Structure formats: structure tokens, C-alpha cells
Amino acid sequence: MKDNRKEKGYKVNCYICDTCGKSIVTVEYDDGVTPFFLGCNRVSLFGDCNGLCRASMYSNPQNLIPTALWYRKKDDEPMNPGERQHHENGGLFFRELTEEEIIGYVKKVFYKG
Ligand SMILES: [Zn+2]
């Protein structure tokens, strides 16, 4: 996986739902813009809360283990018009990390593997 932040250290953010209190920890693998809110139904695998998860703006401990990441798409990747606009404004995209990627992250960050 492309990993531009490796040398600079990762920015770990925590989004907490206003409605149900569920949280998700994200990490930025690229430089770019991330949203302040994330729909809870997007971060939750359980139930369908319609609340909004609010970013803690990196005030959370930085040693939390992320389960999702923000990444920059390549200019030539297919995107719908809304995504294209977001991308051109420097926006990053969200996806869940695979189990393997989470293990890789832990090794790299905590064990300097
Ligand atoms: Zn919620």
C-alpha cells in the first residue's frame, strides 16, 4: 500500500458518534483534507444508527489502533463527479483497514518493524 506518511509519523483521529457513542479510529496515510463528520452508518458494522461521528481533531491519544484509513486517490482513478470534486479540493478517501493491514500498522508503529 502507498504510505506517504511513514517518515513523518501518522496522524490518528477518533470519530465519536453524537447519538450512540460508537467510535472509530482512523489514520491518515497521505496528506490531505479529512471531514469533521462521518455518518455513523458508515463506520458501524452493527445496527444502523443515523447519527454523526464527530472528529476529535487529533486530541485523542496517538497510540490508538486504527481500523480505517484516509488515503489519496490517484488522479487517473475512476471517480464520480462528487468524488472528483472532493479529490481536486485535496480530499482524502475513507476505507476500512483489513486485518492484515492493522497488524502491519501495529508492527510498523509500535515495534518499528
Ligand atoms: Zn451512532
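The values are calculated or read from the model by the stated rules, or taken from the named source; none is laboratory data. Bear in mind that the values here come from a model prediction, so they are computed numbers and not experimental data. Using ideal geometry, Cβ is built from the backbone for each residue, glycine included, and neighbour counts are taken over all protein chains shown.
Take the residues of region 17-40 that are under 11 Å from the mean Cα position of the chain (by Cα) and of a type in the set (D, E, K, R): which is nearest to the ligand (Cβ to nearest atom)? Applying the filter and picking the extreme gives 28.
Of all residues in region 1-24, those satisfying the criterion of being at pLDDT 90 or above and under 17 Å from residue 107 (Cα atoms) are 11, 12. Scanning region 58-85 for residues that are modelled with pLDDT of 95 or more, polar (S, T, N, Q) and not in a helix (DSSP H, G or I) yields one hit, 80. Considering the conditions (1) modelled with pLDDT under 90; (2) of a type in the set (Gly, Ala, Ser); (3) at negative phi, residue 47 is excluded by exactly one of them, (3). Among the numbered conditions (1) within 16 Å of the ligand (Cβ to nearest atom); (2) loosely packed, with under 13 Cβ neighbours inside 10 Å; (3) touching a residue at least 12 places away in the same chain (Cβ under 8 Å), the only one that residue 55 does not meet is (2).
For residue 92, state whether it is without any contact (Cβ under 8 Å) to a residue 60 or more places away in the chain, surrounded by 15 or more Cβ atoms within 10 Å (Cβ to Cβ) and aliphatic (A, V, I, L, M). Taking the combined requirement at face value, the residue does not satisfy it.
When residue 48 is tested against (1) in a loop (DSSP other than H, G, I, E, B); (2) under 21 Å from residue 15 (Cα atoms); (3) touching a residue at least 12 places away in the same chain (Cβ under 8 Å), only condition (3) is not met. Condition first: surrounded by fewer than 15 Cβ atoms within 10 Å (Cβ to Cβ) and in a strand (DSSP E or B). Can you find one or more residues in region 19-37 that meet it? Checked against the condition, which is being surrounded by fewer than 15 Cβ atoms within 10 Å (Cβ to Cβ) and in a strand (DSSP E or B), region 19-37 yields at least one hit.
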